[in-house]
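No lab work stands behind these numbers, since they all come straight from the coordinates. What you see is a predicted model; the values in this text were computed from it and never measured. A quick note on method: Cβ atoms are made from the backbone with ideal geometry, for glycine too, and the neighbour counts reach across all protein chains shown.
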Amino acid sequence: MNDKFRRAIESGQRCRQWIVDYASLIPGGSMFETKTKALTNLVNAIENRAGDLESATDEGLSATTFKISELDDLTDLLSKCRDAARAAEYDNPGTRDRYRFNLAMSQEQILAAGRSFATGGATDQALLEAYGAPANWPALITAACDDLEAALNAQNSAVGSRVAANADISTDLDDLRKLKSTIGHMVKLYAATNPGALAAWKSAAHVERPPKKKTPPTP
């Protein structure tokens, strides 16, 4: 969660507490009561969404770690098979070209290369094994590709969840801002003779601005 969201939520939480602390100023059945209840419910909902966002963030970090591990496993297998194909090239021209791969490829390209290697194993399994490729390498590569694909899907899902949670919180915080503005005007009317309540609301409703980053002096 970014700092802007966090500060806005903290302001909402302070306003919710103000409603509890100064409940005696809120007439039952009034529009003031309706709006303050709406704010309380909204802040509760935002806290739940914030929890969802943190969960999605943690899920994304876990998925990324898993993906890196699976990617390493696949690239290790591909490297060994590629080297075996290069070793076989002089005795079996064209073998090297069928098993091309490098670490500069994108994740999607590496996955595609893995599928291609595994398909080639239908005819070249024994050949590459004779030149040093791991035993049963086509099946090993297929399993590694499946694991990487699952990890990529998990990461994409986590990213989607995080984007959705951010969008939901952004919408809720906009609604919170409007509610605070409406309630703020009503506080001036219902707490007109209570300076402490007025000051407390003003402090609660204020959203602190993040500190400005200092620009280093030009040498």
>> Using Cβ contacts closer than 10 Å as the measure, can you line up Phe117, Phe5, Phe101 from fewest to most?
In response: Phe5, Phe101, Phe117
> When only alpha-carbon atoms count, how far does segment 3-205 stretch along each of its three principal axes, as whole angstroms with the largest first?
Replying inline: 97, 25, 19
> Per-residue HN-Hα couplings for segment 96-111, Karplus 6.51 cos²θ - 1.76 cosθ + 1.60 at θ = phi - 60°, whole Hz, x for Gly and Pro?
Replying inline: 4, 5, 7, 9, 8, 6, 8, 6, 7, 5, 5, 4, 5, 5, 5, 5
> How much length is gained if the chain between Ala38 and Ala199 is pulled fully straight, taking 0.36 nm per residue apart and subtracting their Cα-Cα distance, in nm to one decimal?
Replying inline: 55.8 nm
>> Taking the number of other C-beta atoms within 10 Å as the exposure measure, put Val187, Val207, Val20 in order starting with the fewest.
In response: Val20, Val207, Val187
>> How would His185, His206 line up from fewest to most surrounding beta-carbon atoms within 10 angstrom?
In response: His185, His206
